[in-house]
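Every number here is computed from the coordinates shown, using simple stated rules; none is lab data. These numbers come from a predicted model, not from an experiment. Backbone-built Cβ (ideal geometry, glycine too); neighbour counts: all protein chains shown.
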Amino acid sequence: MDMRFSLSLPCEALSIPVVRRVVGDALRGLGVSEDCVDDVLVAASEACTNVVQHARATGDYEVAGRVDEGVCTLAIMDRGRAPRPAPEERGILSESGRGIKIMRALVDDLDIDSMPDRGTVVHLRKRLTWRDGALVRRLDRSLMHNAG
């Protein structure tokens with residue numbers, strides 16, 4: 001089963017819950033396990049928060065998602081200038097700069113592509129786990145039965 005969606009959102013904090021709602025509802029509707037949905041939502045929220053805080057651009061940013069062959073892929077794209085490098089020394093209690101570490105811990109693959117004055121794209125990929133009786137599993141069994 002292949003599912004795709006794309007959102008164009010204002011570069012504002014109020015857009016982040018919209019992303020969480022759309023992505024969460026889509027994954028839950030397919031039958032993705034709640035733990036897996038939570039991981040994807042936290043990682044996506046971190047990426048969107050980085051856009052809102054660091055893109056230095058007005059206007060919109062985009063979230064494109066795809067579920068294909070049991071993998072969820074999200075691309076969070078802004079059109080701002082690439083962020084300045086983070087300072088080497090951060091205090092142990094500093095909250096700034098933890099977003100990338102959090103994303104890496106929650107997804108299977110994280111890539112960040114930045115080009116000065118063209119923007120940044122954060123690619124998140126997560127192999128999905130399913131609830132028992134998930135829609136995808138029922139459809140796969142039905143297709144297998146009809147083909148056999």
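Observations on the model:
- Environment charge of Arg28, counting only residues whose C-beta is closer than 11 Å and scoring Lys/Arg +1, Asp/Glu -1: -1
- For the pair Glu62 and Ile112 in one chain, pulling the backbone fully straight at 0.36 nm per residue adds 16.5 nm over the alpha carbon distance.
- Pairwise label distance in nanometres, Arg98 with Val71, each label 7 Å out on the Cα-Cβ vector: 3.0
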